[in-house]
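Below: the structure, in structure tokens.
None of the figures in this text is laboratory data; all of them are computed from the coordinates on show. A quick note: this is a predicted structure, and the numbers were derived from the prediction, not measured. All Cβ positions, glycine included, derive from the backbone under ideal geometry; neighbour counts span all protein chains shown.
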Amino acid sequence: MNLISIFDLSHAEIEEIIEKAKELKKERKEGVRARNDLKGKTLAMIFEKPSTRTRVSFEVAMHELGGNVISLNWNELQLGRGERIRETAKVFSSYVDAVMIRAYRHSTIEELAKYASIPVINGLSDLEHPCQTLADLMTIMEQKKKLAGVKVAWVGDGNNVCNSLIGGAAITGMDMFVACPKGYEPAKGAVKKAKRMGCEVVIGNNAEEVAVDADVLYTDVWVSMGEEEESEKRKRDLKDYQLNEDLVRVAKEDVIVMHCMPVHTGEEITEEVMSSANSVIFEQAENRLHAQKALLLKLLKY
Ligand code: CP
Ligand code: NVA
């Protein structure tokens, strides 16, 4: 089993992962850090782009579950000198038990999965960030005590994190409202799949309109990794899509503010909103650890 897209998971599987993650979180808060579940198992991680949360949370997760982890940058592997992903996939499959990869192109991850005989986890691509969505769903569940019927308003670039969240919403019954400028819409494929699953996905251009009565306000950077050359244009195009106090005001009183991090305050979110009582940004980041532990157990334990 792989996790390449959030759409790979069923509702029951997502519920199972969230339940397990909550159990592991509680246990960790009570001081239990060392488990033996993944003793003798090794996770390799390949990073074609930088990472703080994904890298550290997966490393800590493997250590605390009793397994081993090897973290590799693309350029220190032969991949950086042109070795193909298909041979890399076969070689890795004979050394380690699972591989997590963060890559520029989603197709790189799909190709790795095609040739690997071990589970492959998408640690972010240009198209999706399913591990982030698992932690996000866990966070919303903790805060709102439910997922079905929750109104999520995404403001800003309809990017990889947004695409996976749309999938997460479709699978769990949340309603997804997106406000973005023309040309920054989420991936057509994700929206189509979600709608086919009966999810209400509404895409508009006005941030205040989509934020009305929202239970969750979510944003992400205006310039994702790999888009640095378009930086100035993106900042200009997205300037009216900032998660600020005006948006919080039109949302529900108990709205939660979410962001996958890293944040660029003063751009997609204001410092005030990020550090307000509504913000659950750091809980979200912490939940990456618990949700990924649950995922690793599901993929590797049996
Ligand atoms: N949210 C997230 O994936 O963060 P990193 O880029 O630091 O891994
Ligand atoms: N959309 C961002 C997410 C970073 C975790 C990016 O791809 O850079």
Filter the range 44-71 down to residues that are in contact with a strand residue (DSSP E or B) (Cβ under 9 Å, 6 or more places away or on another chain) and away from ligand 1 (no atom under 15 Å from the Cβ) and give me whichever is nearest to HIS106 (Cα to Cα).
ALA44
Helices (runs of 4 or more DSSP H) wholly inside the range 196-260 containing at least 3 residues that are of a type outside the set (D, E, K, R)
207-211, 245-250
Given GLU227, GLU209, which one is surrounded by 13 or more Cβ atoms within 10 Å (Cβ to Cβ), more than 29 Å from ARG102 (Cβ to Cβ) and either under 20 Å from the mean Cα position of the chain (by Cα) or not aromatic (Phe, Trp, Tyr) (or both)?
GLU209
Pick from ALA169, ALA190: which is part of a helix (DSSP H, G or I), crowded, with 24+ Cβ neighbours inside 10 Å, within 19 Å of the chain's Cα centre (by Cα) and away from ligand 2 (no atom under 16 Å from the Cβ)?
ALA169
Mind listing whichever residues of the range 108-143 are surrounded by fewer than 24 Cβ atoms within 10 Å (Cβ to Cβ) and part of a loop (DSSP other than H, G, I, E, B)?
ALA116, SER117, ILE118, PRO119, ASP126, LEU127
Going through ALA21, ALA44 one at a time, which residue ends up being closer than 20 Å to ASP136 by Cβ, among the small types (Gly, Ala, Ser) and either within 21 Å of the chain's Cα centre (by Cα) or part of a loop (DSSP other than H, G, I, E, B) (or both)?
ALA21
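For the range 144-166, enumerate the residues that are part of a strand (DSSP E or B) and over 19 Å from MET261 (Cα atoms).
LYS151 - this is the single residue of the range 144-166 that is part of a strand (DSSP E or B) and over 19 Å from MET261 (Cα atoms).
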Please enumerate the residues belonging to the range 113-136 that are without any contact (Cβ under 8 Å) to a residue 40 or more places away in the chain and more than 12 Å from the chain's Cα centre (by Cα).
LYS114, TYR115, ALA116, SER117, ILE118
Lone unmet requirement of (1) closer than 29 Å to THR172 by Cα; (2) crowded, with 19+ Cβ neighbours inside 10 Å; (3) aliphatic (A, V, I, L, M) for ILE46:
(1)
Would it be correct to say that ASP126 is within 16 Å of ligand 1 (Cβ to nearest atom) and of a type in the set (Asp, Glu)?
yes
